[in-house]
Structures are given as structure tokens and as C-alpha cells.
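As C-alpha cells, the structure follows; a few thoughts come after it.
Just so it is clear, none of the values below were taken in a lab; they were calculated from the coordinates. These numbers come from a predicted model, not from an experiment.
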Amino acid sequence: MLKNLGLVAGLLLSVSAWAAPFQNGGFENGASVPPCNAYNQTGTVITGWDIYVGNIDWETSGGCGWNASTGNYSIDMIGTGGIGGIEQTFDTVPGVVYLVQFDMAGNYGGTDTVIKPLDVTVAGNTTHFTFNTTGHSATNMGWTTKSLQFTATSTSETIQFVSDLTASTGTRDAGATLDNVRIAPLADAGAAIAVPLRAAPWIAGMLVGAGAFALRRRRRASGLC
């Protein structure tokens with residue numbers, strides 16, 4: 001019985017090891033961490049994130065760009081051309097409510113509008129945020145924590161951040177700024193252990209088989225058929 005319980009526990013640990021939790025919310029890690037400002041980044045250059053529309057600026061604190069909210073790096077959501085968007089897919093438990101928090105400010109430079117928009121989409125819902133850059137500077141960014149909640153509908157969800165100024169006038173290269181993204185369950189999900197659906201059916205089959213084998217051994221030991 002103990003051996004079979006050990007097998008079940010081992011399988012569950014193996015499943016959890018495959019998880020892809022939300023990562024790199026501070027944008028500190030990447031394929032080539034910029035020594036200073038890294039303008040007009042596209043594709044997958046920041047660990048965990050994909051730049052899925054337009055391009056962004058990967059900004060460095062300390063004499064290069066503005067001060068990040070945390071750590072050394074932050075994102076200007078618009079590199080050039082008026083729009084930029086990043087996304088990340090991460091594991092979730094269906095039915096669990098998650099809290100998303102992030103720090104938002106805006107690129108105070110350029111001649112574009114001082115109102116910087118940021119749309120956040122996750123689990124099929126979009127929430128709109130804005131930031132006014134009036135009076136702010138490299139050492140006074142005015143970082144503000146924003147938040148939203150979502151209920152997971154699958155074993156993974158994708159969160160998207162996009163800033164779009166294509167309809168405004170001006171240089172259109174100074175967007176909302178983003179840093180310190182955090183995602184976690186809003187409350188304790190309880191003692192239930194959820195096996196990711198993609199790990200079934202073979203994991204589920206082995207777990208059921210191990211349980212049935214243990215039951216048969218117990219019945220035999222007690223003289224039952």
C-alpha cells in the first residue's frame with residue numbers, strides 16, 4: 001500500500017514539475033539583457049514573453065532611461081509606429097479566481113498625448129487602463145499599481161498587454177510603461193490536487209491502476225475476493 005502511495009505521490013510531483021508558472025514579471029531576464037535602452041524589440045527576446053504586435057522598448061534604469069518600478073528593467077509598450085503588445089501563456093487551475101497586479105506609468109517624452117492607454121486581456125476579458133504623464137520624469141515616474149481579477153477557464157491562460165496610440169497625432173513612440181507584473185490565486189484553492197488535463201490520459205490511467213491494485217491487495221489480505 002505504501003509503495004503504491006509513493007508511486008502516486010511521485011506521479012503527482014512529476015506532473016507539477018511540468019508546470020509553466022507565470023514568470024519574469026519584472027522583465028529582468030532575456031536572451032540578451034540590454035546594457036542600456038534596447039529599442040524596438042520584436043519577437044521573443046524577453047524570457048517568458050512574446051511581443052505579438054508592433055514593437056516595444058526594453059528600458060534600463062540608471063542613466064539610460066527612467067527608473068524602473070522594481071529591479072533594473074521596465075517596458076515602454078510602444079517602440080515606434082504607435083502600437084506594441086506583449087503576451088505570456090501560463091498554467092492555471094480551471095475555476096480558480098486569480099489576481100493580476102502590475103505597475104503602470106508612462107513615457108513622458110515625445111510630443112504625443114500625455115494620456116497613455118493600456119489594455120489588458122486575459123480569459124477572454126479586456127480591461128482598459130490609462131496613465132497621465134503630466135509632471136513626471138525619469139526619477140519621478142509615478143508608478144501606480146493596477147489590478148484586475150479573472151477566473152481561469154482552462155489549464156492555461158494567456159495574458160496580453162497592449163498600448164495603442166495609432167489613432168493619435170505626434171511621434172507615437174511614447175506609450176504606457178509596464179513593470180512588476182504579478183499573477184497569483186486570489187485565495188487558497190484548497191487541498192484538492194488538480195492534475196493538468198494535458199497530463200491525462202496516461203497519468204490518470206496509472207493513478208487509477210495504482211489505486212485499484214492497492215484495493216485488491218487489501219481485500220486479499222482480509223480474506224475477501
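Per-structure values
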{"read-out": "The range 21-104: C-alpha gyration tensor shape, a/c 1.5 cut-off, then a/b vs b/c", "value": "prolate"}
{"read-out": "Rounded, prolate or oblate (a/c below 1.5 giving rounded, otherwise prolate when a/b exceeds b/c) for the range 20-191 by Cα gyration tensor", "value": "prolate"}
{"read-out": "Relative contact order %, the range 20-191, counting alpha carbon pairs below 8 Å whose residues are six or more apart", "value": "29 percent"}
{"read-out": "Amide H partners (placed H, <5 Å) of residue 78, local residues excluded", "value": "57, 175, 176"}
{"read-out": "Vicinal HN-Hα couplings computed from phi for the range 114-124 (Karplus, 6.51 cos²θ - 1.76 cosθ + 1.60; Hz; Gly/Pro x)", "value": "7, 8, 9, x, 8, 9, 10, 10, 7, 6, x"}
